[in-house]
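The values are calculated or read from the model by the stated rules, or taken from the named source; none is laboratory data. Small disclaimer: the values here were computed from a predicted structure and weren't measured. Cβ atoms come from the backbone with ideal geometry, glycine included; neighbour counts cover every protein chain shown. Accessible surface is based on the protein model in full, side chains and every heavy atom, while ligands, DNA and RNA are left aside. Shrake-Rupley method; radii C 1.70, N 1.55, O 1.52, S 1.80 Å.
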Amino acid sequence: MRLFFCFACIVIAACFIYAEYKQKPVPALIFKGLASFCFVMYGLLTAPEGNPIAEKIVLGLVMGMIADVLLNMRFVLKNGKPVFLVGILVFLIGHIIYLLAIFPMISNPIPVIIVTIILTALLIKWIFSKITAEKAFKIFGIFYIGAIVLLNCTAFANLIRTPSAFTVVFAAGAFLFLISDIILILNTFGKEQIFRLRAVNLSLYYIGQLLIATSMYWL
């Protein structure tokens, strides 16, 4: 049953991407919600019972599912900006929850925080040079990018310090999540929206979430 939800997530996510390609917002919203529900169920069935790290990761997956629905509701509602911002906020909460799951594994957080600040500043400077967005989106973007960069720095610090199947797979998932978000931002707020980039963004996102869920198998 666990692998069924993993496979179902991939198939339904493909249906979602196709529905977006055909510009059918309501079916796309339904498919997206179902695909996200599948990676949550996959995570629930993979998570070892009573493990505090796994409990936080599952909660992060749930936040991802909620955010997925909110983000795509902007294509259905007449004024989608508020719900889009709420969706970003929920994703931010999900990243923070993932971070709370793995940050205690670090023995010395100071180097990780320093590297995060440097990489975040460089990444934000580069992204803002490529996009045009309102002030509210930029403010959200700074916190959001900072959170996911910190998540990645933490994940790779854990991988270097204590290499294991869990740290490898989690770091891979977090990295794909980061790349997916960068593509999403550039494609959403850039000069031109290209569907190929949207498809890549979504594909990397679902693979990333599935990898994060899979990492719990080795906890």
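Cβ-Cβ below 6 Å, separation at least six or inter-chain, first residue in the stretch 143-166 and closer than 13 Å to Phe103 by Cα and open to solvent by 30 Å² or more (accessible area, probe 1.4 Å), second assigned to a helix (DSSP H, G or I) and not aliphatic (A, V, I, L, M): which pairs?
Correct list of pairs: Leu150/Thr116; Leu159/Thr167.
Residue under question is Ala47, and the condition is that it be in contact with an Asp or Glu (Cβ under 8 Å, 6 or more places away or on another chain) and small (Gly, Ala, Ser); does it hold?
Here the answer is yes, as Ala47 does meet what is asked.
Going through Gly60, Gly50, Gly94, Gly33 one at a time, which residue ends up being touching a residue at least 60 places away in the same chain (Cβ under 8 Å), out of contact with any strand residue (DSSP E or B) (no Cβ under 6 Å at 6 or more places or on another chain) and either on the phi > 0 side of the Ramachandran plot or outside any loop (DSSP other than H, G, I, E, B) (or both)?
Matching residue, one of Gly60, Gly50, Gly94, Gly33: Gly60.
I need the full set of residues from the stretch 116-142 which are in a helix (DSSP H, G or I) and open to solvent by 70 Å² or more (accessible area, probe 1.4 Å), in order please.
Matches in the stretch 116-142: Ile117, Ile118, Leu119, Leu122, Lys125, Trp126, Ser129, Lys130, Lys135, Ile139, Ile142.
Residue by residue through the stretch 186-219, note down the ones that are closer than 25 Å to Val58 by Cα, part of a helix (DSSP H, G or I), open to solvent by 30 Å² or more (accessible area, probe 1.4 Å) and of a type in the set (A, V, I, L, M).
Once the filter is applied, which keeps residues that are closer than 25 Å to Val58 by Cα, part of a helix (DSSP H, G or I), open to solvent by 30 Å² or more (accessible area, probe 1.4 Å) and of a type in the set (A, V, I, L, M), the stretch 186-219 yields Val200, Leu204, Ile207, Leu211.
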